[in-house]
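The values are calculated or read from the model by the stated rules, or taken from the named source; none is laboratory data. Because the structure is predicted, anything quoted here is derived from the model rather than measured. Because the Cβ atoms are built from the backbone with ideal geometry, glycine has one as well, and the counts that use them run over all protein chains shown.
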Amino acid sequence: MNRREHLKQTIFAMTGLSLSMGLIEFFEGCSSGSLPEIKTIGKEELDFLDELAEIIIPQTDTIGAKGIGAAAKILAYIENNMEVPIQEDFRNGLLFWKNSYDKQFTGPLHQRSEEEKHLLMDSIANQASTNKDPYHTPFFPMLKGFVMLAYFTSEEVGKKVLAFDPNPGTFISCIDIDEHTRQWTI
């Protein structure tokens, strides 16, 4: 074998070896077994989350958080956009407060008086202020942020509560705003 033939075979072997490692990694990344299993939230917990969202943004003359289906929007956002530790922190916090509610009361949360609902929400908020664990996010700030996100990004609120312009025209920098002007949606 001459030198050129040996060099050519060595280059082909090294190229094949380097490409095969990349292909193996690529196909292993595409397999469905590499994703961690996320525990889902049941119907009772979903109803409890809807009621907690309704305490944060109640229905008045405008639609409330429960009216837009905030719990389903929150869970879809968390499952699709949050990392597994944050998903687990939210799920564990929700289950903890659902279990503590079940120990105190019988029946669903929507049957409680406004005072009892606010006492529950105050205890959730107080627990968040005393939590000093840097590795776990407190439940109440997460809940409040996700409820606000679900509410203000929903189409119903954008059309009925906020000012909604699907096709914005020209930009007018100085316009008169009175106290009855609605805020603009994003």
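Close contacts from segment 159-174, counting a first residue that is over 18 Å from residue 148 (Cα atoms) and a second that is surrounded by 10 or more Cβ atoms within 10 Å (Cβ to Cβ) and at pLDDT below 70, with Cβ to Cβ under 8 Å and a gap of 6+ residues or different chains, come to 165/184. Restricting attention to segment 57-93, the residues that are in contact with a helix residue (DSSP H, G or I) (Cβ under 6 Å, 6 or more places away or on another chain) and assigned to a helix (DSSP H, G or I) add up to 8. Checking every residue in segment 23-43 against the condition of being among the hydroxyl-bearing types (Ser, Thr, Tyr), at pLDDT below 85, outside any helix (DSSP H, G or I) and under 16 Å from the mean Cα position of the chain (by Cα) gives at least one match. Of all residues assigned to segment 57-78, none qualifies as being within 18 Å of residue 127 (Cβ to Cβ) and among the aromatic types (Phe, Trp, Tyr). Summed over segment 94-112, residues that are assigned to a helix (DSSP H, G or I) and loosely packed, with under 14 Cβ neighbours inside 10 Å total 7. Restricting attention to segment 145-178, and to residues there that are modelled with pLDDT of 75 or more and of a type in the set (Asp, Glu), which single residue is surrounded by the fewest Cβ atoms within 10 Å (Cβ to Cβ)? The selected residue is 155.
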